[in-house]
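Asker: One structure, pasted below without further comment.
The values are calculated or read from the model by the stated rules, or taken from the named source; none is laboratory data. Every value quoted in this text rests on a predicted model; they were computed, and no experiment measured them. Here the Cβ positions follow ideal geometry from the backbone for every residue, glycine too, while neighbour counts run over all protein chains shown.
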Amino acid sequence: EPEVTQTPSHQVTQMGQEVILRCVPISNHLYFYWYRQILGQKVEFLVSFYNNEISEKSEIFDDQFSVERPDGSNFTLKIRSTKLEDSAMYFCASRPRTSGGGSSYNEQFFGPGTRLTVL
Amino acid sequence: AQSVAQPEDQVNVAEGNPLTVKCTYSVSGNPYLFWYVQYPNRGLQFLLKYITGDNLVKGSYGFEAEFNKSQTSFHLKKPSALVSDSALYFCAVRAPYGNNRLAFGKGNQVVVIP
């Protein structure tokens, strides 16, 4: 069964450094997402991406964050200058498009996450 | 904005007993509701969803959930819990229009005691 994959599984970085989190969505999916979960807190939506552009972003997704789909398979989240409070588990997700409508009914498929630790 | 509440931090149940994980939601309009499960070092795995139709939906691994519009609830149930059901369970909601972000609850740790 196809899965969403994410690399690395754990990233440790110094405050102020740039990090890139990588995701490979399921191959025929067209909608892509990033979520994060700070330890002990809820899973929070960051951004959604469709047709090579951001379709929605949350208030968390400020100018320090960016997303990119550099080729046909990868979907990346970049944090330009990491802060201590960026430490969290980051989940990538993808969702298929259903021909003939009804895409919005489809569930999102999640990757295993990247644990980001900012020191 | 949509939101989900999962009132219990941990649910303990003996193997073979019924399992219930509670979820209430808040959203404008008819909700799309989802349950996901997370095992250690794994991603969130989809269990089941309610979009429309029958209030009782059946999903993977013998789980089911009942949508109750008047109580704005979507409790997850399993008639007979297994030790392998021990995991973290997340309820999520999204609005049927506009954005397609999921709003998650904080998750419930389920511990099935042999």
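Asker: Return the pairs, sorted by first residue and then second, in which the second residue is modelled with pLDDT of 90 or more and acidic (Asp, Glu), the first residue lies in the range A:39-60 and is assigned to a loop (DSSP other than H, G, I, E, B), the beta carbons are less than 8 Å apart, and the residues are 6+ apart or on different chains.
Answerer: These pairs meet every condition: A:58/A:44; A:60/A:44.
Asker: Could you list all residues from the range A:31-45 that are within 19 Å of residue A:12 (Cβ to Cβ) and more than 10 Å from the chain's Cα centre (by Cα)? Outline the logic, then answer.
Answerer: As a first pass, look at the range A:31-45 and keep what is within 19 Å of residue A:12 (Cβ to Cβ): A:36-39.
Matches in the range A:31-45: A:37, A:38, A:39.
Asker: When you scan the range A:90-108, do you find a residue that is more than 12 Å from every other protein chain (Cβ to nearest Cβ) and either surrounded by 20 or more Cβ atoms within 10 Å (Cβ to Cβ) or acidic (Asp, Glu) (or both), even just one?
Answerer: For the range A:90-108, residues more than 12 Å from every other protein chain (Cβ to nearest Cβ) and either surrounded by 20 or more Cβ atoms within 10 Å (Cβ to Cβ) or acidic (Asp, Glu) (or both): absent.
Asker: Please go through (1) touching a Gly at 6+ places or on another chain (Cβ under 9 Å); (2) buried (at least 19 other Cβ atoms within 10 Å of the Cβ); (3) not hydroxyl-bearing (Ser, Thr, Tyr) for residue B:100 and return the number of the only condition it doesn't satisfy.
Answerer: Unmet condition: (1).
Asker: Quick check on residue B:22: is it in contact with a His (Cβ under 9 Å, 6 or more places away or on another chain), more than 11 Å from every other protein chain (Cβ to nearest Cβ) and either buried (at least 18 other Cβ atoms within 10 Å of the Cβ) or not hydrophobic (A, V, I, L, M, F, W, C) (or both)?
Answerer: Working: in contact with a His (Cβ under 9 Å, 6 or more places away or on another chain): yes; more than 11 Å from every other protein chain (Cβ to nearest Cβ): yes; either buried (at least 18 other Cβ atoms within 10 Å of the Cβ) or not hydrophobic (A, V, I, L, M, F, W, C) (or both): yes.
So residue B:22 passes the test.
Asker: Let me ask something else. Can you tell me which residue is nearest to the chain's Cα centre (by Cα) among those in the range A:46-74 that are at pLDDT below 95 and of a type in the set (Phe, Trp, Tyr)?
Answerer: This residue is A:49.
Asker: Can you pull out the residues in the range B:27-62 that are touching a residue at least 60 places away in the same chain (Cβ under 8 Å), part of a strand (DSSP E or B) and more than 10 Å from chain A (Cβ to nearest Cβ)?
Answerer: B:33
Asker: Can you confirm whether residue A:19 is within 11 Å of chain B (Cβ to nearest Cβ), among the β-branched types (Val, Ile, Thr), surrounded by 12 or more Cβ atoms within 10 Å (Cβ to Cβ) and in contact with a Lys or Arg (Cβ under 8 Å, 6 or more places away or on another chain)? Talk me through it step by step, then tell me what you get.
Answerer: Details: within 11 Å of chain B (Cβ to nearest Cβ): no; among the β-branched types (Val, Ile, Thr): yes; surrounded by 12 or more Cβ atoms within 10 Å (Cβ to Cβ): yes; in contact with a Lys or Arg (Cβ under 8 Å, 6 or more places away or on another chain): yes.
Taking the combined requirement at face value, the residue does not satisfy it.
Asker: Can you name every residue in the range B:64-114 that is of a type in the set (Val, Ile, Thr), within 14 Å of another protein chain (Cβ to nearest Cβ) and more than 14 Å from residue B:1 (Cβ to Cβ)?
Answerer: none
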